[in-house]
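Reviewing the structure listed below.
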Amino acid sequence: MENQLIIFSKNRSCQLHLLLESIEKNSNNIFDSIFVIFTYTNKDYFAGYNKLILRFPNVSFIVEDDFYNNTMDRVNVEFEYTTFMVDDMVFYNKLESAMEDIKGVFDIPEKPISCFSLRLGMNCNYSHPANLSYELGNHEKIGNFNLVNVMEQKGDFAYPLSVDGHIFKTDFIKKSLHKIGRFSNPNTLESKLQNLMGVINPNMIFLDESVIVGVPVNLVNDTHKNRQGIRFPFSENDLNIRYNNNEVIDFITVDFNGINGPHKEIEYKFKKYVTKLS
């Protein structure tokens, strides 16, 4: 099989519903299998995930009992490629390329790459976590995509080892995970991966326009105090209450105009969930 998607989630079934719905609409079927590794802090959050499991029967849900082992077990070499995401992301833009096109740029001998980014595009010039504007440096056109040497870039274009929507060769990312040692959540995983920056292949491929964005409206980890909820705060508890009351974020009415980086605060709109007809 070709490409597996592994999503990390904690207490955010409502936001995860939006991500899974957006993948159905916009991913162009580049994921052969989707796995969610999730954890929760009380029975109300667990009730939200139970609703989610029923609503997305084609997704495999794994209850986290040891984040490191759960992740290592799931990065399975039966898939040639592995993509990571976290639950507050949205596939906001339609991906026009097929997985076959993406595979092709991994296999150009004279331009070996470390990853293919779904979260980057020519539209990206601002880092929300760092509150920093930047400009894309030297880049090269490769077919319908763009290539950069990350060591020559700034901001998000200098950050290839992200778990926010980057596609990796499974063999490469599995070996990388073994090198960095134990990690306890997506944030420590991503932080420790940065220790490999000097030894990985520095080339990265990205799209003309990004197709996914993270929506940092709340915070569920206790190790990294990322910027969040500055313009449009939505607590995970309030969102979970809505989800358990059969409200969902309305993908159609959310305004995705002006995406200028891999993260952007967006105001959620809501609607009542309507059961899909089989």
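Listed values, structure above:
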| quantity | calculated |
| --- | --- |
| Rounded to 10°, Cα long-axis angle of helix 43-55 versus longest principal axis of the chain | 70 |
| Value of D in µm² per second that Stokes-Einstein yields for the chain, Kirkwood Rh from Cα pairs, at 20 °C (1.002 mPa s) | 113 |
| Region 1-126, Rg to Rh (Cα coordinates; Rh as Kirkwood inverse mean 1/r) | 0.99 |
| Probe 1.4 Å, accessible area per residue of the chain, Å² | 44 |
| Carbon/sulfur fraction of accessible area - region 92-197, other protein chains in place, 1.4 Å, % | 49 |
| Solvent-accessible surface (1.4 angstrom probe) belonging to residue 140, in square angstrom, nearest 10 | 70 |
| Amide H contacts of residue 120 (H built 1.01 Å from N, under 5 Å, at least 5 apart or other chain) | 207, 211 |
| Note, ³J(HN,Hα) from phi for region 194-208, Karplus 6.51, -1.76, 1.60, rounded to Hz, x at Gly and Pro | 5, 5, 8, 4, x, 10, 7, 4, x, 7, 9, 9, 9, 8, 5 |
| Gyration tensor verdict on region 135-264 (Cα atoms; rounded if a/c is under 1.5, prolate if a/b is larger than b/c, oblate otherwise) | oblate |
| Projected-area mean, region 115-200, by convex hull of Cα positions, square nanometres | 6.1 |
| Degrees between helix 170-180 axis and first principal axis of the chain (Cα, 0 to 90, nearest 10) | 90 |
| Rounded to the nearest 20 debye, dipole of the chain from Cβ charges on Lys, Arg, Asp, Glu | 540 |
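The values are calculated or read from the model by the stated rules, or taken from the named source; none is laboratory data. None of these values were measured; they are calculated from a predicted model. Neighbour counts are summed over all protein chains in view; Cβ atoms, including those assigned to glycine, are modelled from backbone coordinates with ideal geometry. These accessible areas exclude ligands, DNA and RNA; they are computed on the full protein's heavy atoms, side chains included. Shrake-Rupley method; radii C 1.70, N 1.55, O 1.52, S 1.80 Å.
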